[in-house]
Amino acid sequence: MPDSIRDITRRIKEQADIVGIVERYVPLKKAGTSFKACCPFHQEKTPSFNVVPDKGIFHCFGCGAGGSVIDFVMRIERLEFIDAVKQLAKELGIEVPEYGGGPRLSPAEREQEDKRHRNIQSANDFALQWFRANLKDNRNPKANETVRTRDITPEMVEAFQLGAALDGWDYFAQAARAKGYSDELLIDAGLCVRSETRGTVYDRFRDRLIFPIFDHLGRVTGFGGRRLGDDPETPKYLNSAETELYKKGRSLYALNLAGKAITDAGYAILTEGYMDTLMAHRFGFSQAIASLGTAFTSDQARLVKRFARRVFLLYDGDSAGQKAMLRAGQPMLEAGLDARIVVLPGEDDPDTYLRREGPEALRARIEEAVEFFDFALNAAAAQLDLASLDGQGALVEQMAPYLLAIRNEVARESAITRMLAHIGGLPKQAIYQMLERLKRRAAPRAGDQPAPTGAGPGQRFDPLDQVILRAMLESYEALQIVRRGLSESWLRDPRLEPWILHLHYGEGDAEYLIEEARAAGDTIGDERILTALLADPLLRLGDAKHTTEQVLARMKKRHFQAVARQLIRSLQEISDEFPDRTLRTIQEECLLAFRTQIPKASVEIL
Ligand SMILES: [Zn+2]
């Protein structure tokens with residue numbers, strides 16, 4: 001089945017390098033975790049146009065223009081939505097099926113598909129809670145034993161939301177059925193399997209330590225499980241089956257936790273597995289992520305590039321690890337990433353190395369990391385007889401794809417020189433000619449700049465309301481906390497309220513609800529508000545869960561303070577009008593209680 005248009009737009013947003021695309025039109029300057037420029041959509045002398053790569057958005061605080069990479073291309077190239085999608089999809093190598101010009105999916109079909117997605121998400125959410133509760137309550141002692149022997153701290157268990165699958169055939173299926181989940185849905189969600197022979201439904205994850213997999217927005221999309229028993233018949237590691245929400249080659253383990261550290265440091269550390277990533281974090285390498293039981297893909301390379309341009313590959317030191325790094329390097333070069341190889345001793349994996357040598361030793365290895373091209377060159381050279389012409393030709397042939405993948409001319413020139421140092425004699429010109437033949441089309445042309453648009457950015461938002469809305473936009477977990485804890489009457493900002501309520505009462509994550517409203521042509525509120533919030537560098541969210549809980553508590557307090565003030569005022573008015581000693585006393589006591597219970601400082605913060 002071809003991907004739906006929503007899947008395609010989602011993939012574009014995940015994979016497109018918004019910085020690279022905007023840079024074709026406007027020169028960008030790095031400013032913290034975002035990039036700045038003078039806005040291409042209105043006349044200005046000081047830059048108020050921002051690109052925030054880790055959120056995949058742009059926003060201009062001058063004219064209010066903002067949105068995703070698709071919105072940017074629509075505006076700057078003056079394209080319709082579907083044409084902008086097609087252009088970007090083509091560039092990223094994503095196939096867009098022809099929809100015959102008519103509606104892309106009928107409303108009924110779309111409703112059907114949306115409902116499926118929501119149900120799968122709900123089953124995943126339930127599974128996550130169930131697995132976690134199992135570990136917390138020691139319902140599979142082997143899991144807790146593994147956590148102890150592998151030195152996984154309680155903080156790591158919490159941060160990575162580890163869980164346990166029980167030792168039995170269908171404990172999960174039973175628990176899920178009791179909550180009303182159908183067998184079909186559990187199979188669709190990749191959580192259960194139907195036995196071919198007996199037709200019974202059983203758990204996919206049995207007797208395993210569970211590593212939930214989250215997307216970059218914090219939604220749980222799948223699970224990985226490490227075997228706890230020593231049954232050699234079952235694989236040591238097992239991943240969720242691919243579902244509509246979970247595609248192995250498009251997700252990266254721990255990116256939800258590591259994203260910010262990666263942006264701050266300017267690099268990511270890529271490992272091969274859950275445990276390596278966990279241990280790296282445990283020893284302070286919070287930029288560690290992992291590909292998920294697959295070779296590293298170009299989709300994943302583009303996803304990483306939204307956070308940083310440099311990647312250190314930290315794989316096992318043995319020859320299998322080296323081969324895997326060679327495979328991972330090419331999509332990285334093609335994506336324009338600066339890939340570096342961290343070389344570990346042959347007998348080590350990152351986990352064993354860290355335990356024996358400690359984090360400082362690994363830090364030193366990272367500092368000495370080898371540029372990917374040189375690593376590949378040495379590996380190829382070691383296999384070939386470079387004294388023979390055949391061997392020399394083979395080296396050039398093997399290195400050609402890597403050379404072509406290097407986009408930067410200076411870097412490529414330098415790489416060619418390094419390659420020639422191994423073989424000498426061969427004229428550089430011959431290499432260039434060969435590369436020229438293989439070279440693909442040049443970068444797309446830059447378009448002209450459209451006229452400025454109207455409408456200013458608006459004034460400051462209510463400080464609490466804006467934090468809540470940003471948290472709801474950024475984190476699925478925060479969104480769920482708000483849904484459980486927010487009361488409408490606590491809101492203060494009429495510009496933000498429609499969006500907050502739309503997300504509060506909707507089902508599914510923020511991105512989905514916004515796209516749904518857009519597709520239905522609903523005008524909920526000014527959409528520029530959303531990108532303005534997301535691009536605001538002063539609005540620091542930190543730990544979304546913690547912040548959300550804090551802000552909800554403050555909103556609640558603010559609300560009841562206002563109610564109390566109103567009550568006291570009413571009492572005052574009544575006792576002024578009907579001088580009565582009892583009333584007066586009640587009023588004074590209320591006032592006193594109000595003043596002593598609520599410290600002045602906290603009133604001022606609000
Ligand atoms: Zn502007």
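The values are calculated or read from the model by the stated rules, or taken from the named source; none is laboratory data. Computed from a predicted model, the values in this text were never measured in an experiment. Don't worry about glycine lacking a Cβ; one is built from the backbone with ideal geometry, like all the others, and counts go over all protein chains shown. Side chains are part of the model used for accessible areas, which takes the heavy atoms of the whole protein and leaves out ligands, DNA and RNA. Shrake-Rupley method; radii C 1.70, N 1.55, O 1.52, S 1.80 Å.
Quick notes on this one:
- Debye, to nearest 20: dipole size of the stretch 262-365, +1 on Lys, Arg Cβ, -1 on Asp, Glu Cβ: 400
- Modelled label reach - Ala382, point 7 Å along Cα→Cβ, the stretch 332-367 residues with backbone N closer than 17 Å: 340-349
- Secondary-structure-derived ellipticity at 222 nm for the chain, considering helices only, amounts to -16500 deg cm²/dmol, per-run term -39500 (n - 2.57) for DSSP H runs with n ≥ 4.
- With at most 11 other Cβ atoms within 10 Å, longest stretch of the chain clear of loop GluC sites (Glu not before Pro) (DSSP): 369-606
- Whole-number accessible area per residue in Å² for the chain, which is evaluated in the context of all protein chains at 1.4 Å: 48
- Largest-first ordering by accessible area, 1.4 Å probe, given options Thr547, Thr417: Thr417, Thr547
- Distance from the alpha carbon centroid of the stretch 328-372 to that of the stretch 374-392 works out to 23 angstrom.
- Sites Glu242 and Arg492 - FRET efficiency at Förster radius 60 Å, r taken between beta-carbons, to 0.05: 0.85
- Residues Ala265 and Arg24, FRET efficiency given R0 of 22 Å [Cβ-Cβ distance, rounded to 0.05]: 0.25
- Exceeding the 32 Å Cα-Cα cut-off - candidates Lys86/Lys545; Lys13/Lys45; Lys90/Lys260; Lys29/Lys247; Lys247/Lys556; Lys179/Lys545: Lys86/Lys545; Lys29/Lys247; Lys247/Lys556
- The chain, accessible surface, carbon-and-sulfur percent (1.4 angstrom probe): 52
- Normalised by 2.2 N^0.38 Å, where N is the number of residues, the alpha-carbon radius of gyration of the stretch 286-375 equals 1.04.
- For Glu95 and Asp374, the difference between the fully extended length at 0.36 nm per residue and the C-alpha to C-alpha distance is 97.0 nm.
- Mean Kyte hydropathy of 0.0 or more with a Cα span along the axis of at least 20 Å, helices from DSSP in the chain: 389-405, 409-423
- With a simple spin-label model that places each label point 7 Å from the Cα along the Cα-to-Cβ direction, the separation between Arg483 and Tyr432 comes to 6.0 nm.
- Sites Thr352 and Asp137 - FRET efficiency at Förster radius 25 Å, r taken between beta-carbons, to 0.05: 0.20
- For the stretch 118-198, the calculated P(r), taken from all Cα-Cα distances in 10 Å bins from zero up to the bin holding the longest distance, is 17, 45, 29, 9, 0 percent.
- Relative intensity, log₁₀ I(q)/I(0), of the stretch 459-530 from a Debye sum that treats every alpha carbon as a point, q = 0.16, 0.27 Å⁻¹: -0.50, -1.42
- Gain upon complete extension [Glu184, Ala31; 0.36 nm per residue less C-alpha separation]: 50.2 nm
- Distance-filtered residues of the stretch 108-146 - backbone nitrogen under 13 Å, label point 7 angstrom along Asp167 Cα→Cβ: 139-146
- Full extension of the chain between Asp526 and Glu573 yields a length gain of 12.9 nm, computed as 0.36 nm times the residue separation minus the alpha carbon distance.
- Selection among Pro97, Gly180, Ile568 by position relative to the dipole of the chain gives Ile568 as farthest towards the positive end (Cβ unit charges, Cα centre).
- For Leu592, solvent-accessible area (1.4 Å; no DNA, RNA or ligand), Å²: 110
- At 1.306 mPa s and 10 °C, Stokes D of the chain from Kirkwood alpha-carbon radius, µm² per second: 58
- Quarter the surface of the alpha carbon convex hull of the stretch 537-586 and you get the mean projected area, 5.0 square nanometres.
- Percent RCO, i.e. relative contact order, over the stretch 244-396, from Cα pairs under 8 Å lying at least 6 residues apart: 21
- For the listed peptides 316-322, 252-258, 33-39, a ranking on the average number of other beta carbons within 10 Å per residue, highest first, reads 252-258, 33-39, 316-322.
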